[in-house]
Each structure stands twice: as structure tokens, then as C-alpha cells.
Amino acid sequence: MAEQIYTIPINESFDASLESEKPKCPLCALYSMLEKNALEAVMGAAMMEPDVRIETNRKGFCKRHFAKMYSMGNRLGLGLILESHVAEVEKNIFSQGTLFDPKSEKEQKKLTSLDQSCYVCDKANDNFGRLMSNAIYMWENEDDFRRKYSKQTMFCLPHYKTLLEYGNSFLGKKDFAEFFKDTRNIMQNYIKSLGEDVSWFCKKFDYRYDKEPWYNAKDAVPRSIAFLSGNDEINE
């Protein structure tokens, strides 16, 4: 099947993970791309679009994405976003004369939304969901992609769960059984080798193993964190 615009980033990410010297989750790379795109858009021309500003004022940003936006160096752009967002928070939370009314479900929801809503997270998650459904479609219909999928070294644990959820939703019973088998084999092979590397890493702190080689264990800790949490940034 000829490559389409919706398949290109998926193929590129799965190819890159196979070419990488370190084990990489291709879905983490896809999500990072979407996250970067959303950050660059909101800190760029999109910040001046009225519909985007209304949404960022309402949703705000999580602390992780606030930190990423701050690190991008566009202080004026971030200041303009904050100017209207702070005004929105003041109007919604503090203009009623109370910060917290235990009897008001509406007021409680307002406070809860302050740390459970993020414009960048929502944008990245929405687009990631579309890419995930496309990836399952490609696995079902493209032999080349299915072979590429089966050669993957690993998926992080959170994205393993995501793969199974989407596979179960979009594949028939027979195809899902095969998809599950392939995915589980990848995971079982990787976690076995990862466990051995972590154990060897710990042994290397015992003087009896001081002169033994490290093999693949030197980066076992960041690789384990990346695998378990999906935080591939620690594995860079």
C-alpha cells in the first residue's frame, strides 16, 4: 500500500526504533512528536488565534508543559498566554467571593479542573488516539508493517496497555489473538533481558564482581524507568 500522510509518522517512528542503538518504544517517539508539535503551535502563531486562546484560557496547562513552555525561551509569548489565562482563573475562581464551598459541587469542580486540565495534553492525546487507530489498521492490512511491527525490540508498559486496548477495539477476534501474541512476545523477550540487566547492574556494586564487564547493564536503571513509566526522556 502506498504511504499516506497518516501512515508516514508511524512508519518513520517504527523504522527509527529498529535503527536505534538503544531499545526504543516507537509509540513514545510518536507521542513526543505530537507533544512537540502542540507546544510549538501554541507558542507560535496559534497563540493569537481567538479560538485557541479561548481554549488555553479555559484549560490551562499541566506543570510539566508549563515547564516545557518556559524552557522554550519565548517569554513574551508565554506572558501573553498567561495574561489572559490568569484573568480567566481570577474570574472563575475568585470573583465569587469564595475559594471553596464544600456544599457547592460546581465550585469543587472548578478547583479540581485547575490541576487536571491541560491544552497540550489534550491536543497530543487526541492526535495520538488517531495515530493508534491508524497503526492498528496498518497492522491489519499491510504485510510490510506487520513484519516491521514483529521486529520491534520493545514497547513501554503504558503503551503496551494502549496497544491491547486499541487492538481489542478495532480488530476481529482472530486477528486480535495474533496481534496479542506478537505484542506479548515482544514484551516478554524484552522484560526478561531487562530484568537480567538490572540484576547484573546491582551485582556490579558487589566487590566480587568489580572486575567483571558491565555487558548491557550500565543503563539498566534509566531503561527500566522508561519501560515501566513511558518516560523515554530519561533514556536519552
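Considering only 172, 185, 34, the residue lying farthest towards the positive end of the dipole of the chain is 185, judged by Cα position with unit charges set on Cβ.
The calculated 222 nm mean residue ellipticity attributable to helices in the chain amounts to -22000 deg cm²/dmol, summing -39500 (n - 2.57) over DSSP H runs of n ≥ 4 and dividing by all residues.
Set the bar at 18 Å for Cα to Cα. Now go through 22/218; 68/91; 24/211 and name every pair that lies beyond it. Before the final figure, lay out each step's value.
Details: 22/218 12 Å; 68/91 26 Å; 24/211 29 Å.
68/91; 24/211, as the Cα separations exceed 18 Å there.
Working from label points 7 Å from Cα in the Cα-to-Cβ sense, the residue 94 to residue 151 distance is 5.8 nm.
Which peptide among 40-50, 215-225 comes first, and what is the full order, when sorted by highest mean count of other Cβ atoms within 10 Å?
Values: 40-50: 14.1, 215-225: 17.2.
The packing order, highest mean first, is 215-225, 40-50.
As a calculated quantity, the FRET efficiency between residue 178 and residue 202 at R0 = 30 Å, using C-beta atoms, amounts to about 0.20.
Here the accessible area is traced with a 1.4 Å probe on the protein chains. For the stretch 121-236, carbon and sulfur cover 51 percent of it. For the chain, the Cβ-based charge dipole about the Cα centre amounts to some 620 debye (Lys, Arg positive; Asp, Glu negative; other atoms uncharged).
Sort the following peptides by mean Cβ neighbour count (other Cβ atoms within 10 Å, averaged over residues), highest first: 53-66, 154-167. Show your work: numbers first, answer last.
Working: 53-66: 16.9, 154-167: 19.2.
Final packing ranking: 154-167, 53-66.
For the chain, the solvent-accessible area of protein heavy atoms averages 61 Å² per residue (probe radius 1.4 Å; ligands and nucleic acids excluded).
The values are calculated or read from the model by the stated rules, or taken from the named source; none is laboratory data. Just so we're clear, the structure is a prediction, and the values are computed from it rather than from any experiment. Using ideal geometry, Cβ is built from the backbone for each residue, glycine included, and neighbour counts are taken over all protein chains shown. Accessible surface is based on the protein model in full, side chains and every heavy atom, while ligands, DNA and RNA are left aside. Shrake-Rupley method; radii C 1.70, N 1.55, O 1.52, S 1.80 Å.
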